[in-house]
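Below is one structure, written out as C-alpha cells; the observations come after it.
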Number of protein chains: 2
Amino acid sequence: MPEHIDTQLKKGVLTLCVLTLLNRRDGYAYDIAADLSKAIGMGEGTIYPLMRRMQTDGLVETYLVESAAGPSRKYYRLTAAGRRALEAQTAEWRTFADAVEAVLAEPAAATAETKGELTQ
Amino acid sequence: MPEHIDTQLKKGVLTLCVLTLLNRRDGYAYDIAADLSKAIGMGEGTIYPLMRRMQTDGLVETYLVESAAGPSRKYYRLTAAGRRALEAQTAEWRTFADAVEAVLAEPAAATAETKGELTQ
DNA sequence: CAAGCTACCTTGCCACGCAAGCTACCTTGT
DNA sequence: ACAAGGTAGCTTGCGTGGCAAGGTAGCTTG
C-alpha cells in the first residue's frame, strides 16, 4: 500500500525547487536539503544525486568554500542554462498545476463534448 | 536528458484525478484515459495498471456493461474507501501545491532563521 | 579520545508512467 | 465474404528518480 502520493509528486518538482533556491542565492547541498526538507519533506539522500544530475546537465556549476566549523562546502551556482531551465520548469509547473486544478474543479459533466449518450 | 518534468509530476496525481472523475460519474478505463489524456497528457498504457492497483487497494469496484458498438465496457465505481482516499489525496495535493508555490514565491532571504552568517 | 555535529557521497530498493505491442469485439466498405 | 478501422481490454520492458541506510571525513567539545 503506497499511500505516499507526495513521494511521487516530488519527482519532477524537486529540480524546480532547487533551481528556484539557487536563483536567489548560491547554496550547498546540505543546506538546500535542510531547506527543502522543511518545505516539502525532501530527504537528505535525495539531494546529492539530484545535484550531480543538474551539474551533468549543465544547469549548475560549483566552487568550494572553506567553512568556519566543519568540512568545506561545495557551493552551487546557476548557469545560464540553469536559469533557462528554471523559467521553463516554472512554466511547466504552472501549466500542470492549473490542469490538475481544472480536473478537480470541473463542475460535473462540463467537458461533455463527444459523450452525448449515457448508457445508464 | 529527461526534459519531461511533467512525466514525473503526473505520478501521484493520476490516482487523484481518476478518483475525482469517478466521483462525478462511473466510467471505464478507455474513456477515463481519453479524458485525462487531454487534460494532463496521460498515456493509455498507464490507465490499466492504475485501475488494477486501485481495485486491489479497494478504492473502486467494477461492473460490466454491454456496449452498443464495440466490446463490453468494464465500469468502475468508487467505494467508500475510494471516497475517503479522494478526500485525503485532495488535501495532500493542496498541501503539496501550496508548499511548492511557497518555495517559488518566497521573496528572497525570507526563511533566514539559523543562517545569520554569510561566509561570503 | 570519544561524542557529536557538519557535510560530503554511495548503494539497493521500489513505485509508477510510458511506449509498444497484443487480443478481441463490432461496424463499414468494397 | 473479408479487410480495415475504431473501440476496449490488457501486458511487457524500460527508465526515472526519491528514499532509507550506510559510509567517510573534518571539526568542536567534554
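The values are calculated or read from the model by the stated rules, or taken from the named source; none is laboratory data. Since the structure is predicted, the reported quantities are computational estimates derived from the model, not experimental observations. Reconstructed Cβ throughout: ideal geometry from the backbone, glycine too, with neighbour counts over all protein chains shown.
Annotations for the structure displayed:
- Residue count, the range B:56-74 (criterion: more than 9 Å from DNA strand D (Cβ to nearest atom) and either in contact with a strand residue (DSSP E or B) (Cβ under 6 Å, 6 or more places away or on another chain) or at negative phi (or both)): 7
- Scanning the range B:31-45 turns up at least one residue that is in contact with an Asp or Glu (Cβ under 6 Å, 6 or more places away or on another chain), in contact (Cβ under 8 Å) with a residue 12 or more places away in the chain, over 30 Å from A:Leu59 (Cα atoms) and aliphatic (A, V, I, L, M).
- All positions within the range A:45-79 that are more than 9 Å from chain B (Cβ to nearest Cβ) and in a helix (DSSP H, G or I): A:Gly45, A:Thr46, A:Ile47, A:Tyr48, A:Pro49, A:Leu50, A:Met51, A:Arg52, A:Met54, A:Gln55, A:Thr56
- Residue check for A:Gly12: exposed (fewer than 13 other Cβ atoms within 10 Å of the Cβ) and at positive phi: no
- Members of the range A:22-38 that are more than 9 Å from every other protein chain (Cβ to nearest Cβ) and not in a helix (DSSP H, G or I): A:Gly27, A:Tyr28
- Annotation note: of B:Thr119, B:Thr114, the sole residue that is facing another protein chain (nearest Cβ under 8 Å) and at pLDDT below 90 is B:Thr119.
- Among (1) within 10 Å of chain A (Cβ to nearest Cβ); (2) crowded, with 19+ Cβ neighbours inside 10 Å, the one test that B:Gly82 misses: (1)
- The residues listed here are B:Thr46, B:Thr62, B:Thr15; of these, the one that is away from DNA strand C (no atom under 13 Å from the Cβ) and not charged (D, E, K, R) is B:Thr62.
- Residues of the range A:33-47 that turn out to be in contact with a strand residue (DSSP E or B) (Cβ under 9 Å, 6 or more places away or on another chain) and within 12 Å of DNA strand D (Cβ to nearest atom), as a count: 0
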